[in-house]
Amino acid sequence: MTPFLLQARLITPCVYNRPIRLPGLLYHALLSHYCDEDKAQSALPTLLKENDGVFHGSSLIFGIQPESPVIACFQPSLGIMRNESDFNRSLISPNGRGGKYVSVQLDGGATKTRLGNNQAYHAPFVTFFGYGHSDKITALLNHYVSAVGINATRGAGTLAPNSWDAREISEDHSLIDITGKTGEANRGMPLTPLPEELFKALSPKKYGDHESEMVALRPPYYKNTELKLCAVPEKVSRQLI
């Protein structure tokens, strides 16, 4: 296993509440591969280094370029469509003179108000730091992960086909931003949720400058009831690519 920088080209804005984590993304890909939660959980430590329950995989960091920063925007999404009302024949066929849809409110009302606006972010790339088998990880993600974040199956967070790529780097940045790649002020800050005692040991100078949350460390995160108080990274991080 070696430290690496992983990246993929982002096509459509990405939506998320908490930063997307590489271990969770890999678990999703492994679950798609094995169709078995136990096998996916067992395979994850063979791809990413793990110490005391903490996987060496960072949260999402947007990859930017001098002319292409992170852009905050909104991603509209359609709510639930009900068969008995939204797909009623009187609505989906012209029912007025000149083929007009007289029963559909085109300028407002029920049709328009169901469109929700989700906070989203766009940049040229999504990137992650990791420590593991980058070649196997890249192959797995290119096969199973074509979008990231919330509403990934509805057009948000779409990635360019087969654009996952990784290169080996000399230092492990998967836990701590040890050289200030996400900004000089972030040097020594966490790049993934870290238990308080671990963060204090890894970055004593920055201990106390961070935000903390109760976080699950092992995917699937939404099922894991073992929460620990962790130092957490910024919601939106960026680095120059």
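Here, each number is a calculation from the coordinates, and none is a lab measurement. Predicted model only: the values in this text are computed from it and were never measured. Glycine also receives a Cβ, built like all others from the backbone with ideal geometry; neighbour counts cover every protein chain displayed.
Test of the criteria: in the stretch 1-45, which trypsin sites (Lys or Arg not before Pro) are in a DSSP loop and have at most 15 other Cβ atoms within 10 angstrom of their Cβ?
Within the stretch 1-45, no trypsin sites (Lys or Arg not before Pro) qualify (loop, at most 15 other Cβ atoms within 10 Å).
Take the alpha-carbon centre of the stretch 177-241, take the same for the stretch 12-35, and report the distance between them in whole Å.
Spelled out, the Cα-based centre of one part sits 18 Å from the other.
Taking θ = phi - 60°, what integer Hz values does the Karplus form 6.51 cos²θ - 1.76 cosθ + 1.60 yield along the stretch 145-161, in sequence order, with x for Gly and Pro?
Going residue by residue, I get 10, 10, 7, 10, x, 5, 6, 5, 8, 10, x, 8, x, 6, 10, 4, x Hz, with x marking Gly and Pro.
Rank Ala185, Ala139, Ser170 by how far each Cα sits towards the positive end of the charge dipole of the stretch 124-232 (+1 on Lys, Arg Cβ; -1 on Asp, Glu Cβ) and give me just the farthest.
Ala139
Order by neighbour count: Ile71, Ile11, fewest other Cβ atoms within 10 Å first, most last.
With the sparsest Cβ surroundings first, the list reads Ile71, Ile11.
Could you run the Karplus curve 6.51 cos²θ - 1.76 cosθ + 1.60 with θ = phi - 60° over the stretch 12-18 and give me ³J(HN,Hα) per residue in whole Hz, x for Gly and Pro?
Each residue's phi maps through the Karplus curve to give 10, x, 9, 10, 7, 8, 10 Hz.
Which order results if Met189, Met214, Met1 are arranged by neighbouring Cβ count within 10 Å, fewest first?
Met214, Met1, Met189
Between Ala72 and Tyr207, what is 0.36 nm times their sequence separation minus the Cα-Cα distance? Round to one decimal in nm.
My answer for the length gained is 45.7 nm.
Taking 0.36 nm per intervening residue step and subtracting the Cα-Cα distance, what contour gain separates Asn51 from His143 on full extension?
Numbers: separation 92, 0.36 × 92 = 33.12 nm, distance 2.75 nm.
Result: 30.4 nm gained on full extension.
Any chance you could run the full-extension gain for Ala160 through Arg187? It's 0.36 nm times the residue separation minus the Cα-Cα distance, nm to one decimal.
Extra length available between Ala160 and Arg187 comes to 6.7 nm.
What ranking of Leu175, Leu48 emerges when the number of other C-beta atoms within 10 Å of each C-beta is taken as an exposure proxy, fewest first?
Details: Leu175 24, Leu48 20.
In increasing order of surrounding Cβ atoms, one gets Leu48, Leu175.
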